[in-house]
Amino acid sequence: MIPLTINGTTHDVDVEPDTPLLFVLRDTLGMTGTKYGCGIAQCGACTVLVDGEAMRSCQFPVDAVGTSQITTIEAIEEDAVGARVVEAWVAVEAPQCGYCQSGQVMAATALLKSVPQPSDEDIADAMTNLCRCGTYNMIADAIRQAAG
Ligand code: FES
Ligand code: FES
């Protein structure tokens, strides 16, 4: 059994130690808000927070989590910054198909936690998640709005 603290709750999961965290979240724990996109740490659809930092969970083996606190999209509004990000996302109507958006929200929350007033360059540097629908401008608007 591997203990994982996710959204403040500890789960003991019976999986191989090299199982990607993404698969444990989705398949073992049924938390399907975190998406599978590329599986090779390129697209960002699987982004979660690990101790507040954005991490691509498709390439993060579950035995590397240790005592770190995992936050997923299911609980992001329990975080004050995350709640502001979601509110701004809704206000600017950022999503189109929506598939990439949970990962985008997680990446944006991590950015604003470390840089509360990001410049356009900070946003461009941090927001490397891909969006097939091309919502990048709306995402940047939402981040500026959430920054206040
Ligand atoms: S699914 Fe993890 S980065 Fe694409
Ligand atoms: S909103 Fe469709 S992939 Fe981003």
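The values are calculated or read from the model by the stated rules, or taken from the named source; none is laboratory data. Only a predicted model underlies this, so the values are computations on that prediction, with no experimental measurement involved. Cβ: placed from backbone, ideal geometry, glycine included. Neighbour counts: every protein chain shown. Just the protein is used for accessible areas: all its heavy atoms, side chains included, with ligands, DNA and RNA removed. Shrake-Rupley method; radii C 1.70, N 1.55, O 1.52, S 1.80 Å.
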Original post:
Got at least one residue in the range 33-53 being basic (K, R), within 28 Å of M1 (Cβ to Cβ) and touching a residue at least 24 places away in the same chain (Cβ under 8 Å)?
Top reply: yes
Original post:
Which of the residues spanning the range 36-53 are open to solvent by 30 Å² or more (accessible area, probe 1.4 Å) and under 19 Å from G98 (Cβ atoms)?
Top reply: Y36, G37, C38
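Kindly indicate which of S119, S114 is over 26 Å from P20 (Cα atoms) and either modelled with pLDDT of 95 or more or more than 15 Å from ligand 2 (Cβ to nearest atom) (or both).
When all the criteria are applied, what remains is S119.
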Original post:
Of all the helices (runs of 4 or more DSSP H) wholly in the range 64-148, which have at least 2 residues that are within 24 Å of I6 (Cβ to Cβ) and open to solvent by 50 Å² or more (accessible area, probe 1.4 Å)?
Top reply: 80-92, 101-114
Subject >> Top-ranked residue of the range 9-35 - restricted to ones that are over 20 Å from Y99 (Cβ atoms) and part of a helix (DSSP H, G or I), ranked as least open to solvent (accessible area, probe 1.4 Å) >> reply: V24
